[in-house]
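Structure record follows, encoded as structure tokens.
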Amino acid sequence: LFISKFFLLKKNKKIIYDSHEFELGRTGRSQWSRRWIKILEGYLIKRADIVIMVNDSIADEVHSIYKLKKRPLVIRNVPHYWHMNSEISDQVRDKLLKSFKVTSLSFLVMYHGVIHEHRGIQNALRALVKTNDVGLVILGYGQAKTIQSLKGLAMDLKIEDKVLFHESVPHEDLWKYVSAVDVGIMVAPAVSKSYYYGLPNKLFENIQSLTPVIVSHYPELQKIIDQYDVGLSVDPYDVDEIASAIDQMKNNQELYQKFKKNLKMAKEELHWDKEKQKLEMINQLV
């Protein structure tokens, strides 16, 4: 886009840089690639008319690294408002429960999204060992090697009967599954700065589904937990702490119902129809 400006007949065209990642801090970057990205991004970002980042932590980091004149505009990845049907959610819950190899499960925890080695699913499995009558649903897609590794870990831990691997579902049907479980879990470790500063879509999808969450105690996730009080934050490396959080959700009904009540308020605020209003600020910035 920067190069194309030289060939435009109308020179007043504006460039918007909208990044949904902390590019310098992404997983798997070599030292050389980080240097190259910093040079390239640093050169181009200063020539953009508007810079958009996906959360405050990344906006602050980018603002500091590149010494930008203006702090980037923050527009978060939040879903549209989800209109749900409790009868359908109950039907899906029954379907999920019947898919497990044991019938004693009374509480369901779900990880949904890309099934990747760095998403904390291993410690969710290890935490499951320390709970009673709890099932873990892993819904999504990923490399066959990773899925087989997780299935192998479940077998080694002797909890394969309490773990359900479910194929991914169309996004328009996702609410039926996320709303059918008791808790959503997001305990990815901080293997990179991008993960540490992460604010995954699945957090807001749980909120739209009115499903309390257990999340890693990292800045952006913690900010949502502190502001809306819709779940618990844990050290993603501490299996005992994750297991304790699951037990609290399962056994402390007063706490759980408080989260459910707060989710109704958070749901009304954290959706795209509200978030997209920030786009109107672009007209004031250009």
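The values are calculated or read from the model by the stated rules, or taken from the named source; none is laboratory data. Please read these numbers as outputs of a predicted model, since none were measured by experiment. A quick note on method: Cβ atoms are made from the backbone with ideal geometry, for glycine too, and the neighbour counts reach across all protein chains shown. SASA here: full protein model, heavy atoms, side chains in, ligands and nucleic acids out. Shrake-Rupley method; radii C 1.70, N 1.55, O 1.52, S 1.80 Å.
Residues that are among the aromatic types (Phe, Trp, Tyr) and in a helix (DSSP H, G or I) within region 29-70 comprise TRP32, TRP36, TYR43, listed in sequence order. Looking at the structure I just gave you, is LYS162 over 17 Å from the mean Cα position of the chain (by Cα) and of a type outside the set (Gly, Ala, Ser)? So LYS162 fits the description; yes.
In region 25-46, the residues that are within 21 Å of GLY198 (Cα to Cα) and modelled with pLDDT under 90 form Cβ pairs under 6 Å with partners that are aliphatic (A, V, I, L, M) and outside any helix (DSSP H, G or I), at six or more places apart or across chains, as follows: THR27/VAL191.
For region 174-184, the count of residues that are touching a Gly at 6+ places or on another chain (Cβ under 7 Å) and modelled with pLDDT of 95 or more is at least one. Restricting attention to region 193-246, the residues that are among the charged types (D, E, K, R) and on the phi > 0 side of the Ramachandran plot total 1.
Taking the criterion of being open to solvent by 80 Å² or more (accessible area, probe 1.4 Å) and at negative phi, the residues of region 65-93 that qualify are LYS69, LYS70, ARG71, HIS80, HIS83, SER86, GLU87, ASP90, GLN91.
Remark: pairs (first residue in region 88-104, in a helix (DSSP H, G or I); second residue modelled with pLDDT under 95 and open to solvent by less than 50 Å² (accessible area, probe 1.4 Å); Cβ separation under 7 Å; 6+ apart in sequence or on different chains) = LEU97/LEU105.
Picking from residues in region 16-33 that are more than 17 Å from the chain's Cα centre (by Cα), under 30 Å from GLN284 (Cβ atoms) and among the hydrophobic types (A, V, I, L, M, F, W, C), the one that is least open to solvent (accessible area, probe 1.4 Å) is LEU24.
So how many residues does region 94-121 have that are over 21 Å from GLN248 (Cβ atoms), open to solvent by 20 Å² or more (accessible area, probe 1.4 Å) and not basic (Lys, Arg)? Within region 94-121, residues that are over 21 Å from GLN248 (Cβ atoms), open to solvent by 20 Å² or more (accessible area, probe 1.4 Å) and not basic (Lys, Arg) number 10.
The helices (runs of 4 or more DSSP H) falling completely within region 188-286 that include 2 or more residues that are among the β-branched types (Val, Ile, Thr), closer than 30 Å to LEU105 by Cβ and touching a residue at least 24 places away in the same chain (Cβ under 8 Å) map to 239-251. The condition of being surrounded by fewer than 23 Cβ atoms within 10 Å (Cβ to Cβ), part of a helix (DSSP H, G or I) and among the charged types (D, E, K, R) does not hold for LYS158. Whether a residue is in contact (Cβ under 8 Å) with a residue 60 or more places away in the chain and small (Gly, Ala, Ser) was assessed, and SER57 passes this test.
In region 122-150, of all residues being hydrophobic (A, V, I, L, M, F, W, C) and in a strand (DSSP E or B), the one that is surrounded by the fewest Cβ atoms within 10 Å (Cβ to Cβ) corresponds to LEU139.
State whether one or more residues within region 97-118 are in contact with a Phe, Trp or Tyr (Cβ under 9 Å, 6 or more places away or on another chain) and acidic (Asp, Glu). Scanning region 97-118 turns up no residue that is in contact with a Phe, Trp or Tyr (Cβ under 9 Å, 6 or more places away or on another chain) and acidic (Asp, Glu). Of all residues in region 191-214, those satisfying the criterion of being over 23 Å from THR27 (Cα atoms) and open to solvent by 10 Å² or more (accessible area, probe 1.4 Å) are GLU205, LEU210.
Determine which single condition ASN251 fails, assuming it passes every other condition in (1) closer than 30 Å to ASP133 by Cα; (2) open to solvent by less than 90 Å² (accessible area, probe 1.4 Å). Only one criterion is unmet by ASN251, namely (2). Please go through region 252-281 and pick out each residue that is in contact with a strand residue (DSSP E or B) (Cβ under 7 Å, 6 or more places away or on another chain) and at pLDDT below 95. Once the filter is applied, which keeps residues that are in contact with a strand residue (DSSP E or B) (Cβ under 7 Å, 6 or more places away or on another chain) and at pLDDT below 95, region 252-281 yields LYS278, MET281.
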